[in-house]
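Engineer: I'd like to ask some things about the structure below.
The values are calculated or read from the model by the stated rules, or taken from the named source; none is laboratory data. Nothing here was measured: the structure is a model prediction, and the numbers come from that model. Reconstructed Cβ throughout: ideal geometry from the backbone, glycine too, with neighbour counts over all protein chains shown. Each accessible area value is taken on the protein alone, full model and side chains, heavy atoms only, with ligands, DNA and RNA left out. Shrake-Rupley method; radii C 1.70, N 1.55, O 1.52, S 1.80 Å.
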Amino acid sequence: MSDFLTNNRGGANAAPSATSAIRSMVLKETSTWTSVLVTTLNCRSRIRTNEGVFIPATEERARGALVHFGNLVDRGVHGRLAQRFNRRVPRLPFLECGADRGWHFHVLIEPPYFMTRQAFIEIVEQSWSGCEWGSTCHFREGDEGSAGYVTKDRSKTALEAWTDTLVVEGVVLRTK
């Protein structure tokens, strides 16, 4: 996958083949999951520091918030096993930025089989609200159209390359 990402640079609307390749990868990976939850995580447009200065959201800050969010979810679901034995919740996050919505993520995430759906949603909500850049989150059940939705071209123009929408540092595919 990393070869694909490094060899297909070139603007947010660059290659339809890149879109279909990532969409195929998403379908392949999520086909082994027991269920899929599509989570939309909205970032704050700016935050206020202790000195009273407002800092605007950037791609780098949003990506950092997503990684922190993933660590909080892993810890909320698996407790100390997340740190001791690298237990993780499988997820595929995609970053978008639109003039009307600002920075936000669409995350395909596999709820753990040993936890009720509502308990897992509460962990996700608490984890995102615990992030400095976290604002609101929304949920829907994943279906056949989920891969197409997270890989759509719309709302990706703020990114340098279309393939930057897949937040590689936040991807978790397999767990122990």
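Engineer: If every alpha-carbon in the stretch 23-164 counts as one equal scatterer, what log10 I(q)/I(0) does Debye give at q = 0.12, 0.20, 0.21 1/Å?
Structural biologist: Treating every Cα as an identical point scatterer, log10 I(q)/I(0) equals -0.50, -1.29, -1.38.
Engineer: What length, rounded to one decimal in nm, is gained on full extension from Ile121 through to Glu60, with 0.36 nm per residue of separation minus their alpha-carbon distance?
Structural biologist: Full extension of this stretch gives 19.4 nm more.
Engineer: Can you send over the carbon and sulfur percentage of the accessible area for the stretch 65-143, probe radius 1.4 Å, protein chains only? Before the final figure, lay out the partial values.
Structural biologist: Working: 1870 of 3780 Å².
For the stretch 65-143, the apolar C and S fraction of the accessible surface comes to 49 percent.
Engineer: Extending each Cα 7 Å along its Cβ direction at Phe139 and Glu51, get the distance between those two points in nm, one decimal.
Structural biologist: A separation of 4.0 nm, rounded to one decimal place.
Engineer: Give the Cα extents of the stretch 68-131 along the principal axes, in whole Å, largest first.
Structural biologist: 40, 23, 20
Engineer: Which GluC sites (Glu not before Pro) in the stretch 22-90 pass both tests, a DSSP loop state and at most 13 other beta-carbon atoms within 10 Å?
Structural biologist: Details: sites: Glu29, Glu51, Glu59, Glu60; in loops: Glu51.
Filter output for the stretch 22-90: Glu51.
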